[in-house]
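Following: one structure in structure tokens, then a few remarks.
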């Protein structure tokens, strides 16, 4: 019991290896110092950002009608810290228009931000625009007959919200700056970084997780401010678009492990937590990842393990065969440990526990047993494993050490028998 | 960014001089905002934040992730934040709390029926086995469950004062509240927690 009256554990000295491991994580996550623009007053002027265009990092000044100020470097110079990229900008390619099925329209620009590209089409004779969002596994196109939704006093209107949550709107005519009331975004520290940006043709882009955003525009002539309250729940949802799957594999089978892996990587790219010290560098390119083992494909609780050439491992959770979320782990099994449980899921009230992790090449088989239950052989492949265990429903969380594991070599000789954690 | 180990770590000898971080207050280092200064802040507070992160998550491996993320967030936002007291610890604890709650929200958003199985702790030694015995871990999880059900205003105060064991004055400063308000929130929360934990 601590002095606070709560049953808290005593504080412990920080082991030097943990201290240095965390230091390395922070170090490896952050590129050489690049100053980020600070908020200045109620409005933030269009600021210098580092852009990612067509696979290259481009330093550029994005203003209302600017073009990139610096030519893209060769593709090899792709920024390793793409998660820090707020908004990229470039001319729309014919390939993007074809992907979107908008080959017949003129396009203004393509904007890229975490995990997606947004194609902004020119206004047609009736003043209507088409928009398209391309992610790693999906293509969504705005419906041709959708109507703008006015917000505020009508000086601002929302033209589209993409399925991944990017809002495209019409700013007041002549707006030269845009900001979002920080009070409307209470969770800036722990969620996807917000993007709010004026783009050419008096349009703006807004990407945030906040359910309500108070947006403010500065208009140059006459000098004035225009505010608008954007309530996400009052905007149309997926019905604003037609969406199709477009997996890199070329197959449309949603239950294909490669497609599930791609969908999980897609979800993480577009909606995952901010780039932090514990995210493998190899997440820069989702194509580097491959599925290895899968359990619970046809159940409410499943897991797909992903591996990358460098040995990093990630876990894609499945619900009834649909990829829902991605988690990662950077530790690998070593000779001493032979296997390492790195992640798992538990479904409260069902008695289902899924454990997953990595193995060394010495391991051929892992058999897990929980008290009173039949042994279950783990799926083992490519230096990874996953096992789905069932037992009586419990109210307390399980720990890997609650299970016993037999570790056998490829010839069936036992290497270890004992707690799994 | 390079987090430069200071001479306290024995890995690198810090050259004394105008660039030295020795003897500087947290506020001075924070204002300087360079890599050496931030490295010193990391060395001063990593252990406290790591322990606090464990108390917020009941998992040493998650605590490591959370500590890394906390310092990374602090580094990125160092120009946006002015320390209200000399110590950076209240701010770092606040960031850790935000991040810990963010992970919980993310879990509920995508995995309403699933929860993470606590995995092997990254740090392994005898003390680890003793301190993270199943009973202790379950007791801590029970506390965290009860804290998570507190109103947000009380939860923030509890995380800083009861779990983080910060002085009320420092917690009040970082929360932007009067000390009396923090005391009353903690007092109310303590009663609720006592009731919740007695039910278990």
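Things worth noting here:
- With the highest mean first, a sort of the peptides B:161-168, A:114-121 on other beta-carbon atoms found within 10 angstrom per residue produces A:114-121, B:161-168.
- Look at the stretch B:72-78: the mean tally of other chain Cβ atoms within 10 Å of its residues' Cβ atoms is 5.
- Judged by the mean number of other Cβ atoms found within 10 Å, the most tightly packed of the peptides A:202-214, A:225-237 leads the ranking A:202-214, A:225-237.
- Under the simplified labelling scheme, the residue A:212-residue A:95 pair shows an inter-label distance of 4.4 nm, with each label point 7 Å from Cα along Cα→Cβ.
- Overall form of region B:24-100 per C-alpha gyration tensor (a/c, 1.5; a/b vs b/c): prolate
- Most to least packed among A:102-111, B:187-196, B:151-160, B:50-59 [average Cβ atoms within 10 Å]: B:50-59, B:151-160, A:102-111, B:187-196
- Net length gained if the chain between residue A:350 and residue A:300 were fully extended (0.36 nm per residue, minus Cα distance): 17.0 nm
- Average beta-carbon neighbours from other chains, 10 Å sphere, peptide B:42-52: 4
- Inter-chain shielding of B:57-66 (mean C-beta neighbours from other protein chains, 10 Å cut-off): 3
- Taking a point 7 Å out from the Cα of residue B:183 in the direction of its Cβ, the residues of region B:147-168 whose backbone N falls within less than 11 Å of it are B:168.
- Percent of Cα-Cα distances greater than 13 Å, calculated over region B:132-200: 62
- Multiplying the residue separation of residue A:401 and residue A:20 by 0.36 nm and removing their Cα-Cα distance gives an extension gain of 134.4 nm.
- Cβ-Cβ FRET estimate between residue B:196 and residue A:125, R0 fixed at 60 Å, reported to 0.05: 0.40
- Whether region A:189-257 is rounded, prolate or oblate, judged on the alpha carbon gyration tensor where a/c under 1.5 counts as rounded: prolate
- Compared with the direct C-alpha span, the chain from residue A:251 to residue A:409 gains 53.3 nm at full extension, assuming 0.36 nm per residue.
Every number here is computed from the coordinates shown, using simple stated rules; none is lab data. As the structure is a prediction and not an experimental result, all values here were calculated from the model. We place every Cβ from the backbone using ideal geometry, glycine too, and count neighbours over all the protein chains shown.
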